[in-house]
Amino acid sequence: LMTRPGRAPRVALDLFLTHTHLDHILGLPFFQPLYQPDTRVSIYGPAISPEDRLEQVIGGQMSYRYFPVRQVELAAEIRYVDLREGVYDLGDGIRLSATYLNHPLLCMGYRIEYCNRVLCTAFDTEPFRNVFITDAADSRYDEMMAQEGEQAVQAAALRMNAFLRGADLLIHDGQFTEEEYRAGRVGWGHSSVEHAIGLAEASGARRLALVHHDPLRTDPELDGLAQRYGGVRQGSGLDVCFAHEGLSVTL
């Protein structure tokens, strides 16, 4: 981007962060456009709290005890935009919708609409679940709380389905298989491949790119999952792929 022939003398970039866990922001200090004086970078992300604004969180990892270049020394013009749930007009006909996902840290899902094309993202999220005790045999069981919890789960699932409705491309968390997810990983904030596929089919998405692969999984294991789950699904026509470095998708 910065070295291609004939590039504009001034480059404007928009970066959208889903949340601020290290695996999602650790690369920013090495992002070369931040060191170019003729570059304007807008960084969007969830507003966690008045005390933890995006600029402070990102800048915190660039204090001198962690990194030799401080945030104030970056050459680019940087603008931080703290987002909340809602719809935003980004200009040039681009419409951004943001919604909260189900992750231990406040995390955003995005829906970007432009020229009758829809791109949706849902990284670091898992199925909504009833957090109240649902076993009537448990002495702590409260029927009203259990019912309210189930209603909240159903409402959240419907809201997510509507948010992703008709996506030309859905990029969704698929860190585990369903068996792995059920074996002690509920509550970690990550989804199974099967859940992502079911959600994509239910919301009428055309294509699904699975991301956030388990870091302990080997390339041959990922290839095996791609053979098992990838390709065009019978019935729904959903085209499923396992995202990889260098993958390019045209909407």
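Listed here are the residues, each with its yes/no results for (1) farther than 21 Å from ARG10 by Cβ; (2) in the same structural domain as PRO37 (by TED's automatic domain parsing); (3) hydroxyl-bearing (Ser, Thr, Tyr).
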| position | (1), (2), (3) |
| --- | --- |
| SER63 | yes, yes, yes |
| TYR66 | yes, yes, yes |
| ALA75 | no, yes, no |
| ILE94 | no, no, no |
| SER97 | yes, no, yes |
| LEU101 | yes, no, no |
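Of the residues that make up segment 9-26, is at least one at pLDDT below 90, out of contact with any Pro (no Cβ under 9 Å at 6 or more places or on another chain), more than 20 Å from ILE112 (Cβ to Cβ) and not small (Gly, Ala, Ser)?
Taking every residue of segment 9-26 in turn, at least one turns out to be at pLDDT below 90, out of contact with any Pro (no Cβ under 9 Å at 6 or more places or on another chain), more than 20 Å from ILE112 (Cβ to Cβ) and not small (Gly, Ala, Ser).
Name the single residue, out of those in segment 180-233 being loosely packed, with under 15 Cβ neighbours inside 10 Å and among the β-branched types (Val, Ile, Thr), that is nearest to the chain's Cα centre (by Cα).
VAL186
Name every residue in segment 66-77 that is surrounded by 16 or more Cβ atoms within 10 Å (Cβ to Cβ) and in a helix (DSSP H, G or I), in order of residue number.
GLN71
Mind checking which residues of segment 110-156 are closer than 20 Å to SER191 by Cα, of a type in the set (D, E, K, R) and without any contact (Cβ under 8 Å) to a residue 24 or more places away in the chain?
Of everything in segment 110-156, just one residue is closer than 20 Å to SER191 by Cα, of a type in the set (D, E, K, R) and without any contact (Cβ under 8 Å) to a residue 24 or more places away in the chain, namely GLU150.
State whether the residues of segment 78-93 include one that is more than 19 Å from LEU208 (Cβ to Cβ), in contact (Cβ under 8 Å) with a residue 60 or more places away in the chain and not in a loop (DSSP other than H, G, I, E, B).
The answer is yes; a qualifying residue exists.
The values are calculated or read from the model by the stated rules, or taken from the named source; none is laboratory data. Just so it is clear, the structure is predicted and the values come from calculations on it, not from any experiment. Cβ coordinates were reconstructed from backbone atoms using ideal geometry, including for glycine residues, and neighbour counts include every protein chain displayed.
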